[in-house]
Amino acid sequence: MPQKNPKYPHQSPEKSEPSASQKAWGGVFTEKTDGRVELFTESISFDRVLYEVDIRGSVAHARMLNDVGLLTEHEFKQIEHSLLEIRREIETGTFPFNIEFEDIHMHIEHALIEKIGDTGRKLHTARSRNDQVVTNLRLWIRDSIDRICNRLLDLQAAFVGRCDNDFDVILPGYTHLQRAQPVLAPHVWLAYCEKFERDKQRLKDCRKRVNILGLGAAALAGTSLPIDRKKTAEYLGFEDIAANSIDVSSDRDFVLEAAFCLTETALHLSTFAEEWVLWSTSEFSFLRPPQAFCTGSSIMPQKVNPDVLELIRGKTARVAGNLQTLIVLTKGLPLAYNRDLQEDKVPIFDSFNTVESVLSLAAPLVEGAVLNREAIAERLDRGYLDATVLMEYLILQGVPQRTAHGIVGRLVRLAMDKQVPLAKLPLSEFHQVHEGFDDNVFNVLGAKNAAAAMKSYGSTAPDQVRLQIDRWKAKIDAVYQKTA
Ligand code: ARG
């Protein structure tokens, strides 16, 4: 006579008897799973973070089963109560994890059955892990997108928060990393805000395709049981329900899309980090990151290294790598669930976690950095940053653009030979190259004048930049107020 297994007090003896049957699929098996296979196939080491969404999903599923009469009210309440108890156990660290139960879904279900026996055995009615895992992932990604968007907003607020203080600072703008034209510091800060805004828009758009219920597709063909998927969707806040049960469990588009959105965000962050790494060198000396965000050298006592910025740049590699992993993972997979898909979690979790940690450091770093106004101002008139505005001055006098370009080129050559800025050339020298110059040419020369002249919409003239600062302030305040 088989003995009742004391580990599973609610399990009937005939179900706990052969060790293979402790698996959810035990019935047909006569051999116990090889320990090496358990180690190789487990996902509990990385999918346990899904515990909260798994429980949320199961409570909604059980509530729906109760609605349609597949569970009694009492059974639903028992399941709900025990699932919330399990959640507390996980959160307080008293929940036992064991790779024998493969993943978080099996762990929670097993614990539920331990607590309430046969009622617990009913939870998986009209459900498969295939649609369960996808539902969990959709909930987790949906929450994570919201968190990242909030972090992006904080970073934008940090840049916008600097704008008034830095309003009087004119920086050399670069193309090809060569001095090009003067720009206001806040114009640079807002350039990042625009990029992060598109990142938020992309994530919010991706969220629409994440926010679809797969549950109810079961293994791949749906179910003969009278479920109500719209109810489950409503309980979980999903916008819609997936229309094809075969598509549900193989669809990882939403994971790849999120991974791409995060890659683009990380790329933007790497541009910012690279610029600030350069600016904090003694060669540039434009900016000093807060010391609390730098580290020193163990051998060169004078060093203050911008490690946080370097790692912001560096961590972009893993985020981009995760996207690549997901692309290769899903390439050529047949329809419906294939175990390969278990591998989607490590990269997508890592991308969200990495970008979140980067954003949470970037915002205080941006707030605390100090511009070295003297060093910037002292070298601002080097590099003929006013050449373009001088060309435009000639265009306004009716000189064709190509001709004006040539005239200014010759003037720059003249000034280079004399090692002076354009503004230091006497009017007679201007006349040597082109007759039409008069005294007011000096009103556009010099970095400050040149920047002030750039007045087309979205340009760097102070009035234009002020317009954009005000727009950003209002936009950020409005979102903060809405979420307060
Ligand atoms: N641990 C699996 C995963 O994360 C759960 C789904 C398993 N489904 C199955 N049919 N074996 O993908």
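The values are calculated or read from the model by the stated rules, or taken from the named source; none is laboratory data. Everything numeric in this text was worked out from a predicted model, so none of it was measured. Here Cβ is always computed from backbone atoms with ideal geometry, including for glycine, and neighbour counts include all displayed protein chains.
State which residue pairs qualify: first residue aromatic (Phe, Trp, Tyr) and inside the range 99-116, second residue within 16 Å of the ligand (Cβ to nearest atom) and outside any helix (DSSP H, G or I) in any location, beta carbons under 9 Å apart, and separation of 6 or more residues or different chains. If the second residue must be within 16 Å of the ligand (Cβ to nearest atom) and outside any helix (DSSP H, G or I), the pairs left are Phe101/Lys23; Phe101/Ala24; Phe101/Glu42. The single condition from (1) in contact (Cβ under 8 Å) with a residue 12 or more places away in the chain; (2) at negative phi that Gln201 fails is (1). Only residues that are β-branched (Val, Ile, Thr) and not in a helix (DSSP H, G or I) were counted across the range 419-439, and they come to 1.
Of all residues in the range 327-341, none that is in contact (Cβ under 8 Å) with a residue 60 or more places away in the chain has its Cβ atom under 6 Å from the Cβ atom of a residue that is part of a loop (DSSP other than H, G, I, E, B) and of a type in the set (Ser, Thr, Tyr), 6 or more apart or on another chain. Within the range 85-129, being within 16 Å of the ligand (Cβ to nearest atom), of a type in the set (A, V, I, L, M) and within 32 Å of the chain's Cα centre (by Cα) holds for Ile99, Ile104, Met106, Ile108.
Before we move on, is Glu310 within 30 Å of Ala375 (Cα to Cα) and away from the ligand (no atom under 16 Å from the Cβ)? Yes: the conditions hold for Glu310. Residue by residue through the range 182-225, note down the ones that are part of a loop (DSSP other than H, G, I, E, B) and polar (S, T, N, Q). Those that are part of a loop (DSSP other than H, G, I, E, B) and polar (S, T, N, Q): Asn211, Thr223, Ser224.
The set of residues in the range 386-425 being of a type in the set (Asp, Glu) and within 18 Å of Gly173 (Cβ to Cβ) consists of Asp386, Glu392. Within the range 392-418, the set of residues being under 23 Å from Ala451 (Cβ atoms) and outside any helix (DSSP H, G or I) comprises Gln397, Val399. Per this entry, Arg56 is not counted among residues that are within 25 Å of Arg229 (Cβ to Cβ), without any contact (Cβ under 8 Å) to a residue 60 or more places away in the chain, in a helix (DSSP H, G or I) and within 30 Å of the chain's Cα centre (by Cα). Looking at the range 367-379, is at least one residue more than 30 Å from Pro289 (Cβ to Cβ), among the basic types (Lys, Arg) and either in a helix (DSSP H, G or I) or out of contact with any Pro (no Cβ under 8 Å at 6 or more places or on another chain) (or both)? Scanning the range 367-379 turns up no residue that is more than 30 Å from Pro289 (Cβ to Cβ), among the basic types (Lys, Arg) and either in a helix (DSSP H, G or I) or out of contact with any Pro (no Cβ under 8 Å at 6 or more places or on another chain) (or both). Annotation for the range 437-446: no member residue is touching a residue at least 12 places away in the same chain (Cβ under 8 Å), of a type in the set (Val, Ile, Thr) and touching a Ser or Thr at 6+ places or on another chain (Cβ under 9 Å).
Within the span defined as the range 348-361, one or more residues are within 16 Å of the ligand (Cβ to nearest atom), surrounded by 19 or more Cβ atoms within 10 Å (Cβ to Cβ) and not β-branched (Val, Ile, Thr). Going residue by residue through the range 122-141, is there one that turns out to be out of contact with any helix residue (DSSP H, G or I) (no Cβ under 9 Å at 6 or more places or on another chain), of a type outside the set (Asp, Glu), farther than 30 Å from Glu264 by Cα and surrounded by fewer than 18 Cβ atoms within 10 Å (Cβ to Cβ)? Among the residues of the range 122-141, not one is out of contact with any helix residue (DSSP H, G or I) (no Cβ under 9 Å at 6 or more places or on another chain), of a type outside the set (Asp, Glu), farther than 30 Å from Glu264 by Cα and surrounded by fewer than 18 Cβ atoms within 10 Å (Cβ to Cβ), which makes the answer no.
A count restricted to the range 315-343 and to residues that are assigned to a helix (DSSP H, G or I), of a type in the set (Gly, Ala, Ser) and either within 16 Å of the ligand (Cβ to nearest atom) or surrounded by 13 or more Cβ atoms within 10 Å (Cβ to Cβ) (or both) stands at 2. Hey, any hits in the range 78-89 for a residue that's in contact (Cβ under 8 Å) with a residue 60 or more places away in the chain, surrounded by fewer than 23 Cβ atoms within 10 Å (Cβ to Cβ) and of a type outside the set (Val, Ile, Thr)? No, the range 78-89 contains no residue that is in contact (Cβ under 8 Å) with a residue 60 or more places away in the chain, surrounded by fewer than 23 Cβ atoms within 10 Å (Cβ to Cβ) and of a type outside the set (Val, Ile, Thr). Of the listed requirements (1) surrounded by fewer than 16 Cβ atoms within 10 Å (Cβ to Cβ); (2) of a type in the set (Lys, Arg); (3) touching a residue at least 12 places away in the same chain (Cβ under 8 Å), Arg413 misses just one: (3).
Can you name the residue in the range 440-473 that is of a type in the set (Lys, Arg) and outside any loop (DSSP other than H, G, I, E, B) and is also farthest from Ser428 (Cα to Cα) among such residues? Applying the filter and picking the extreme gives Lys473. Could you say whether any residue in the range 135-157 is outside any helix (DSSP H, G or I) and not hydroxyl-bearing (Ser, Thr, Tyr)? No, every residue in the range 135-157 fails to be outside any helix (DSSP H, G or I) and not hydroxyl-bearing (Ser, Thr, Tyr). Look at the range 126-152: where a residue is farther than 17 Å from Ala363 by Cα and modelled with pLDDT under 95, no partner that is more than 11 Å from the ligand (Cβ to nearest atom) and of a type outside the set (Gly, Ala, Ser) sits 6+ places away or on another chain with Cβ atoms under 8 Å. Which of the residues belonging to the range 356-383 are modelled with pLDDT under 95 and farther than 17 Å from Glu283 by Cβ? Selection gives Asp381 alone.
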